[in-house]
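Working notes, beginning with the structure itself.
The values are calculated or read from the model by the stated rules, or taken from the named source; none is laboratory data. Computed from a prediction, not measured in an experiment: that's the story for all the values here. Heads up, the Cβs are rebuilt from the backbone with ideal geometry, glycines too, and the neighbour counts pull from every protein chain shown.
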Amino acid sequence: MEPVHLRIIDVSKSFGKVKALKNVSLDILKGSFTTFLGPSGCGKTTLLRTIAGFYDVEKGEIFIGDQLINDVPSHLRNAIMVFQDYALFPHMNIRENIIYGLKIKKFSEEKIERRLAKTVQYLGVKELLNRSPSQLSGGQQQRIALARALVMEPEVLLLDEPLSNLDARLRINIRAELRQLQKRLGITTIYVTHDQAEALALSDQVAVMNEGEIVQCGSPWEIYFRPRSAFVASFVGTANLLEGKVVESIPGSVLVDVGQGYLRLEEKGDLPPAGAKVILCIRPETIEILDQTLEGTSNILRGRVRNYIFEGSHFRYWVEAAGRELVVDVFDPAEKEIREDSILLRLPPNKIHIIPEA
Amino acid sequence: MVVIIASLALFVLYPILRVFTFPNLQDFLEIPFNARYLKAILNSLFMTALSTTTATLFGFLFAYTVTRTDVPFKKAFRFLSILPLFSPPFMVAFSYMMMFGKNGLITYQLLGLRVNIFGWHGLWLSETIAFFPIAALVMEGVLQSIAPSLEYAGRNLGATGFQLFRTITLPLARPGVAGAALLVSIQVLADFGNPIMIAGDFSVLATEAWLRVEGWGDVRGAAVLSSFLLLPSFLLFIVQRYWVRQRSYITVTGKIALVDIQKTGWYVRWLLFTFCTFVSVMILLIYVALLMGSFVKGWGFDWTPTLRYVKEILSRSPELVNSLSFALIAGLVSAVFSITSAYLVSRKQFLFRQFVDFTNILPAALPGIFFGIGYSIAFTRAPFDLYGTSAIIILSMIFWNISMGYQTGIGTFSQISPSFSEAASNLGAGSMKIFWEIEAPLVRGPFFSAFVVSFIRAVTTLSVIVFLSTSSNVVATFSIMNLVSDGFYGKAAALTSALLVVSLSVLGLAKLAIGKRMELFKV
């Protein structure tokens with residue numbers, strides 16, 4: 001395993017009366033891609049800017065490697081940021097923009113040229129060097145902003161919602177490219193976004209933030225399938241949340257009363273005891289629609305289709321079942337007929353995740 | 001609409017044309033051979049270059065202090081720097097005469113020096129202090145419109161303190177600095193109040209034109225000189241309007257990040273603090289001089305306190321009554337006229353639309369002296385003889401001030417989506433109904449600000465009315481000028497203070513009445 005590269009210990013920050021960060025702690029491994037994910041105002045950008053050195057650390061400590069950087073000014077941290085609006089200097093051409101930082105650091109001409117050539121080649125932006133920022137498309141500006149950061153060979157690369165100003169298709173292309181580039185260069189990268197799809201697609205580690213706190217940190221798979229709170233479950237992807245009460249609890253399995261039926265679920269680790277109130281989380285694509293009751297099959301709910309839409313790769317149904325509305329996605333829809341009226345739903349025991357109610 | 005077009009033709013275009021047509025060709029051809037003219041032209045250019053440079057520099061330093069540093073008391077500095085914008089322009093020169101002149105309170109009474117303030121150096125000081133607030137205001141807007149992420153990026157990539165200022169902040173602000181300098185230079189060039197009070201024998205175009213008429217009755221010579229004043233003013237105006245505006249780097253981004261003001265280096269901090277304190281004291285001295293001057297018997301020789309002058313201007317001063325009533329009428333009419341013009345131009349298609357647009361903006365490019373001379377040529381003889389009437393003064397005040405209200409109006413109407421009125425008309429409202437019920441409530445803010453600005457400019461102008469004022473329609477500024485030149489500082493100070501009180505209270509009331517929506521200074 002790679003060593004810890006950036007260590008955030010108990011960091012807090014307020015703006016006036018607003019507490020932007022509350023005792024945030026996090027370890028970031030060398031060469032990893034970490035995403036701060038959360039709704040606007042959750043503190044993710046504040047945390048990023050604190051790491052960059054734009055905001056003072058009010059309380060707590062931040063280490064890069066072994067060095068405490070609380071009082072190290074921004075320009076000596078070599079934690080380089082790519083801004084949401086790219087922040088390309090309008091009074092310089094692209095070449096001057098990219099080498100700005102190297103010139104400030106008084107690198108030799110030769111070294112500057114070498115680094116420039118390397119970066120330009122990585123990003124394929126050679127033909128843009130003599131243009132001015134206003135002549136570039138959004139996607140090109142984005143690339144140049146990235147080039148300006150990478151040319152510094154940063155310890156830590158900070159990306160503040162770098163894709164949010166691009167159109168949807170471009171966003172998906174650049175996303176894949178960015179991940180590839182990051183893996184190849186092996187730069188420790190922190191990425192801020194409110195787009196859960198981006199977070200899942202790009203990251204080794206996702207830190208979901210809400211109201212100034214990291215509410216859950218883990219791999220994209222863990223965040224998606226094992227959310228620890230209703231907030232994480234519903235913020236990341238679409239989740240069906242069912243409230244219920246544990247009826248029976250044995251190691252590896254529990255039976256939950258969800259009002260109009262019982263659901264059995266299998267999960268490793270500690271499970272709540274009988275009588276505990278819980279929330280069950282089940283993703284729309286894991287629910288199956290059955291044609292008929294199979295004898296002896298549990299976890300069946302009877303439902304009625306309220307509405308549906310066709311989304312190309314799947315059908316999305318809104319089904320009334322167990323006294324609430326469930327979202328059900330049926331993939332590979334070409335083979336199947338459209339369901340209407342009464343249907344049967346099966347919620348596979350190993351796909352249901354249990355969230356202890358706070 | 002016909003009324004508007006006709007008024008613009010008669011009260012804006014006609015007097016301008018008269019300035020050019022009144023003298024013979026001969027008069028214009030004589031310019032290169034007239035030593036006095038040449039000297040005035042050179043002096044004007046010299047002063048414009050000098051005062052513009054210092055005023056712009058002062059303005060930039062002030063704006064930078066306010067927007068980018070943690071210098072203490074910067075809010076107070078900002079407030080003080082705005083004050084002179086709403087005061088009679090000649091006030092600075094007048095006060096400095098009292099403070100730093102031969103019998104000056106500071107130079108003579110406190111320091112025992114006999115300083116001669118009259119001349120180009122006195123003028124330089126006065127104009128710098130009088131006009132740097134314009135530059136400061138413009139620069140503040142420019143510095144604030146620079147996206148904070150650009151400076152963050154610069155810092156993040158390694159630039160610190162002065163490096164950041166030199167490589168990012170200053171280059172980004174440069175077009176704004178140019179714009180501010182041009183605006184200031186227009187003001188300096190057209191300035192009449194300061195040179196007439198403090199320049200002594202150092203003549204500039206504006207004062208030389210005045211001297212032609214006052215001393216020699218030579219209206220043709222004055223017309224020639226003020227045409228000469230118009231040329232550079234007009235050029236600067238065009239450049240400022242159509243060139244600089246398009247070159248500003250204003251980055252509009254969705255998200256405005258919180259800007260953490262960085263700790264300024266202690267020496268920079270103290271330098272800026274000392275500088276701002278010095279300038280602020282210079283501004284405060286203006287007001288101290290005026291107030292003190294109003295309450296002492298004989299400035300410079302008899303410091304006994306007296307209420308005589310205050311009583312005098314409160315009980316019998318036709319000039320003050322005239323000033324107030326003229327400016328009130330002019331302010332109201334000017335606001336109505338300019339906002340209506342703006343409405344017509346932005347919402348209707350009609351034959352003389354371009355003409356209405358052009359003539360509404362035109363007065364902003366005219367030096368007050370030029371405008372005043374135009375009125376005195378056009379309207380003191382047949383077929384339009386208004387000599388010595390209130391009307392001629394009021395008319396000049398109205399049309400001299402339409403540009404500001406007009407531009408604010410245009411700005412407002414372009415922001416109000418026509419779909420409001422389209423929706424109303426779709427629902428069955430007539431054209432008049434649409435205006436009164438839908439658009440009028442939205443233009444209340446611009447209307448008020450147009451009124452306030454016109455009023456203040458009218459009540460404080462000297463250059464426009466200096467050729468039009470006579471004993472029968474005398475206004476306060478004209479009277480102050482005469483009192484100062486005759487050495488009656490007490491009454492002059494009291495009158496100036498009265499104008500100041502009036503302007504600032506109107507401003508304060510308007511601000512209270514309509515709050516932040518008021519746009520008082522447009523560039």
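Conditions tested, residue by residue: (1) without any contact (Cβ under 8 Å) to a residue 60 or more places away in the chain; (2) hydrophobic (A, V, I, L, M, F, W, C); (3) not assigned by TED's automatic domain parsing to the domain that holds residue A:76.
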residue: A:132; (1), (2), (3): yes, no, no
residue: A:136; (1), (2), (3): yes, yes, no
residue: A:157; (1), (2), (3): no, yes, no
residue: A:161; (1), (2), (3): no, no, no
residue: A:164; (1), (2), (3): no, no, no
residue: A:175; (1), (2), (3): yes, no, no
residue: A:179; (1), (2), (3): no, no, no
residue: A:188; (1), (2), (3): no, no, no
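Against the condition more than 18 Å from residue B:82 (Cα to Cα) and facing another protein chain (nearest Cβ under 9 Å), how does residue B:146 come out, does it pass?
So residue B:146 does not fit the description; no.
From the residues in region A:81-105 that are in contact with a strand residue (DSSP E or B) (Cβ under 6 Å, 6 or more places away or on another chain) and either assigned to a loop (DSSP other than H, G, I, E, B) or facing another protein chain (nearest Cβ under 8 Å) (or both), which one is surrounded by the fewest Cβ atoms within 10 Å (Cβ to Cβ)?
A:84
Does residue A:55 satisfy the criteria of being within 18 Å of residue A:190 (Cα to Cα) and at the interface with chain B (Cβ under 10 Å from one of its Cβ atoms)?
Yes; evaluated as a whole, the condition is true for this residue.
Go through (1) among the charged types (D, E, K, R); (2) at pLDDT 85 or above; (3) farther than 29 Å from residue B:493 by Cα for residue B:75 and report which single condition fails.
So the condition that residue B:75 fails would be (3).
Before we move on, is residue A:69 hydrophobic (A, V, I, L, M, F, W, C), in contact with a strand residue (DSSP E or B) (Cβ under 8 Å, 6 or more places away or on another chain) and touching a residue at least 40 places away in the same chain (Cβ under 8 Å)?
In short, no.
Does residue B:115 satisfy the condition of being touching a Ser or Thr at 6+ places or on another chain (Cβ under 8 Å), of a type in the set (Val, Ile, Thr) and not in a helix (DSSP H, G or I)?
Considered against the rule, which asks whether it is touching a Ser or Thr at 6+ places or on another chain (Cβ under 8 Å), of a type in the set (Val, Ile, Thr) and not in a helix (DSSP H, G or I), residue B:115 comes out as yes.
Among B:155, B:174, B:166, B:220, which is within 14 Å of chain A (Cβ to nearest Cβ), surrounded by fewer than 24 Cβ atoms within 10 Å (Cβ to Cβ) and farther than 20 Å from residue B:139 by Cβ?
B:155
Name the residue, out of A:101, A:124, that is of a type in the set (Gly, Ala, Ser) and closer than 20 Å to residue B:149 by Cβ.
Going through A:101, A:124 in turn, the sole match is A:101.
Would you say residue A:76 is part of a helix (DSSP H, G or I) and either farther than 15 Å from residue B:149 by Cα or without any contact (Cβ under 8 Å) to a residue 24 or more places away in the chain (or both)?
The answer is yes for residue A:76.
Which of the residues that make up region A:21-52 are within 13 Å of chain B (Cβ to nearest Cβ) and in a loop (DSSP other than H, G, I, E, B)?
Listed by number, the residues that qualify are A:40, A:41, A:43.
Any residue in region B:264-280 that is of a type in the set (S, T, N, Q) sitting within a Cβ distance under 9 Å of a residue that is part of a loop (DSSP other than H, G, I, E, B)? List the pairs, counting only those 6 or more apart or interchain.
B:264/B:69; B:264/B:70; B:264/B:71; B:277/B:73; B:280/B:73
Might you let me know whether region A:137-159 holds any residue that is of a type in the set (Gly, Ala, Ser), within 13 Å of another protein chain (Cβ to nearest Cβ) and farther than 21 Å from residue B:156 by Cα?
yes
Search region B:309-356 for residues being outside any loop (DSSP other than H, G, I, E, B) and of a type in the set (Lys, Arg), and hand back the single one that is nearest to residue B:5 (Cα to Cα).
B:353
Among the numbered conditions (1) hydrophobic (A, V, I, L, M, F, W, C); (2) in a helix (DSSP H, G or I); (3) within 14 Å of another protein chain (Cβ to nearest Cβ), tell me where residue A:120 comes up short.
Just one mismatch for residue A:120, condition (3).
Considering only region A:130-147, how many residues are in a loop (DSSP other than H, G, I, E, B) and either under 20 Å from residue B:171 (Cα atoms) or not aliphatic (A, V, I, L, M) (or both)?
Here the count works out to 4.
Would you confirm, using the coordinates I've provided, whether residue B:114 is within 14 Å of another protein chain (Cβ to nearest Cβ) and either modelled with pLDDT under 85 or out of contact with any Pro (no Cβ under 6 Å at 6 or more places or on another chain) (or both)?
Considered against the rule, which asks whether it is within 14 Å of another protein chain (Cβ to nearest Cβ) and either modelled with pLDDT under 85 or out of contact with any Pro (no Cβ under 6 Å at 6 or more places or on another chain) (or both), residue B:114 comes out as no.
Just one of the numbered conditions (1) touching a residue at least 12 places away in the same chain (Cβ under 8 Å); (2) out of contact with any Leu (no Cβ under 9 Å at 6 or more places or on another chain); (3) more than 9 Å from chain B (Cβ to nearest Cβ); (4) surrounded by fewer than 16 Cβ atoms within 10 Å (Cβ to Cβ) is not true of residue A:14; which one?
Of the numbered conditions (1) touching a residue at least 12 places away in the same chain (Cβ under 8 Å); (2) out of contact with any Leu (no Cβ under 9 Å at 6 or more places or on another chain); (3) more than 9 Å from chain B (Cβ to nearest Cβ); (4) surrounded by fewer than 16 Cβ atoms within 10 Å (Cβ to Cβ), the odd one out for residue A:14 is (2).
Quick test of your reading of the structure: residue B:235 fulfils all but one of (1) in a helix (DSSP H, G or I); (2) crowded, with 19+ Cβ neighbours inside 10 Å. Name the failing condition by number.
(2)
Run down B:465, B:377, B:438, B:456 and say which single residue is aliphatic (A, V, I, L, M), surrounded by fewer than 18 Cβ atoms within 10 Å (Cβ to Cβ) and in contact (Cβ under 8 Å) with a residue 12 or more places away in the chain.
Being aliphatic (A, V, I, L, M), surrounded by fewer than 18 Cβ atoms within 10 Å (Cβ to Cβ) and in contact (Cβ under 8 Å) with a residue 12 or more places away in the chain holds for just one of B:465, B:377, B:438, B:456, which is B:438.
If you go through region B:1-18 one residue at a time, do you hit one that is over 25 Å from residue B:477 (Cβ atoms) and charged (D, E, K, R)?
Within region B:1-18, none of the residues are over 25 Å from residue B:477 (Cβ atoms) and charged (D, E, K, R).
Those residues that are over 17 Å from residue B:329 (Cα atoms), among the polar types (S, T, N, Q) and at pLDDT below 85, I need them from region B:370-401; list them, please.
B:380, the sole residue that qualifies.
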